[in-house]
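Report on the following structure.
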Amino acid sequence: MIDKTYVIANWKMNLNVHESSLYLHKLDEAVKAHRTVETILAPSTLALQAMSCQLNHRKFKLCAQNCYWRDSGAYTGEISASQLRGVTQYVLIGHSERRNVFGETQKETGKKVQAVIRNNMRPVLCVGETALEKSQGETGEAIHDQLTAGLAGLTNEDMKEVIIAYEPVWAISNGNNFGSHTTPKPHDLYEVQSLIRRQLGYLFGDDVKNKTPVLYGGSVDENNVGAFLSVPGVNGVLVGGASLHLQKFTKIVEVAYAKRNVKR
Ligand code: PGA
């Protein structure tokens, strides 16, 4: 059994350093420390350092939203995994906004995953099909390609650090239409986590297939999180819009804890 439920707050390009710090202060008062729930905050890169000094490390972990794969050099505007080392414990890699808005390639996601592991952090590799791929029945192929490229060159030992987040692009809200998106039905989510695990098994064997945390992301809120976490094989959630609301996010963490105890 996977030892924890992972709840990741992806604040995207929201909240400045002061606002992030204030939010963390309030969240710290609202949320209890749960040994079985890993609550992970992904603020803007600018806020990571200040939050790292401020936060209660037994209660929260930090996550960068992206990184570059080379350790240093003439790469204006980029931040390397080696610069994040010691500040964050996790790094999101291949979020659909990185892929679709910034043109990040499959090959780059693989190099970034390797860079994160090389620098002793845990990559959260995001995969998921677009609306077009879904409508053409290509969900399996899309995820297969993203996993194959994103996990290229990793060993079974490396895979102990990897988390996969299934984020169907059609289910992700964009801030303007928060809450109005359709999300996968439990049965469909079960099918996709199974195909992710089948692919992990094919690439790395049964141990990795069974022990890699697979999360769901896309319009998760305090009302639907319980249903996602009830799907067998789903080990947590990646929350965008709702994580910017203190009460919603607090409730999400509470539901994750309650579900965890039911699952045991
Ligand atoms: P959302 O974002 O919860 O606002 O849909 C999820 C994500 O993009 O990680």
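The values are calculated or read from the model by the stated rules, or taken from the named source; none is laboratory data. Just so it is clear, the model here is predicted, and its values are computed rather than measured. Cβ atoms come from the backbone with ideal geometry, glycine included; neighbour counts cover every protein chain shown.
Kindly provide the set of residues from the range 107-151 that are assigned to a helix (DSSP H, G or I) and polar (S, T, N, Q), ordered by number. Reasoning before the result, please.
The initial filter retains those residues of the range 107-151 that are assigned to a helix (DSSP H, G or I), namely 107-118, 131-135, 139-150.
Hits for the range 107-151 are T109, Q114, S135, T139, Q146, T148.
Has the range 155-165 got at least one residue that is touching a Ser or Thr at 6+ places or on another chain (Cβ under 9 Å), part of a loop (DSSP other than H, G, I, E, B) and acidic (D, E)? No, the conditions are met nowhere in the range 155-165. Taking the range 233-251 as the range and being closer than 24 Å to I196 by Cβ, within 10 Å of the ligand (Cβ to nearest atom) and not in a loop (DSSP other than H, G, I, E, B) as the test, the residues that pass are V237, L238, V239, G241, A242, S243. Test A142 against the criterion of being within 13 Å of the ligand (Cβ to nearest atom) and in contact with a Gly (Cβ under 9 Å, 6 or more places away or on another chain), and give yes or no. So A142 fails the test. Just one of the listed residues (G218, G201, G153) is away from the ligand (no atom under 16 Å from the Cβ) and at positive phi, and it is G153.
Using the structure shown, decide if S230 is under 15 Å from the mean Cα position of the chain (by Cα) and either within 16 Å of the ligand (Cβ to nearest atom) or farther than 20 Å from E29 by Cα (or both). The answer is no for S230. If you go through the range 97-119 and keep only what is away from the ligand (no atom under 16 Å from the Cβ), closer than 15 Å to Q65 by Cβ and of a type in the set (K, R), you end up with just K112.
I'm checking my understanding of the structure. Among residues of the range 213-261 that are among the hydroxyl-bearing types (S, T, Y) and in contact with a Gly (Cβ under 9 Å, 6 or more places away or on another chain), which one is nearest to E161 (Cα to Cα)? Walk me through how you get there before you give the answer.
Applying the first criterion (among the hydroxyl-bearing types (S, T, Y)) to the range 213-261 yields 216, 219, 230, 243, 250, 257.
Adding the requirement that they be in contact with a Gly (Cβ under 9 Å, 6 or more places away or on another chain) leaves 216, 219.
Numbers: Y216: 18, S219: 26 Å.
That would be Y216.
Only one entry in V262, V220, V255 is under 20 Å from V124 (Cα atoms) and among the β-branched types (V, I, T), namely V220.
Please tell me if I172 is closer than 18 Å to I93 by Cα and at pLDDT below 95. Yes: the conditions hold for I172. Taken over the range 5-24, the criterion of being touching a residue at least 24 places away in the same chain (Cβ under 8 Å) and exposed (fewer than 15 other Cβ atoms within 10 Å of the Cβ) is satisfied by M13, N16. From the list L55, L62, L48, L27, the lone residue that is surrounded by 14 or more Cβ atoms within 10 Å (Cβ to Cβ) and within 23 Å of N224 (Cα to Cα) is L27. K111 fulfils the conditions (1) crowded, with 21+ Cβ neighbours inside 10 Å; (2) without any contact (Cβ under 8 Å) to a residue 60 or more places away in the chain except for a single criterion, (1).
Say we look at the range 125-141 and pick out the residues that are aliphatic (A, V, I, L, M) and touching a residue at least 24 places away in the same chain (Cβ under 8 Å); which of these is farthest from V169 (Cα to Cα)?
Within the range 125-141, the first condition is being aliphatic (A, V, I, L, M), and the residues that meet it are 125, 127, 131-132.
Still in the running and touching a residue at least 24 places away in the same chain (Cβ under 8 Å): 125, 127, 131.
Details: L125: 14, V127: 9, A131: 7 Å.
Within the range 125-141, the match that is farthest from V169 (Cα to Cα) is L125.
Within the range 199-227, the set of residues being part of a helix (DSSP H, G or I), without any contact (Cβ under 8 Å) to a residue 40 or more places away in the chain and crowded, with 22+ Cβ neighbours inside 10 Å comprises just one member, V225.
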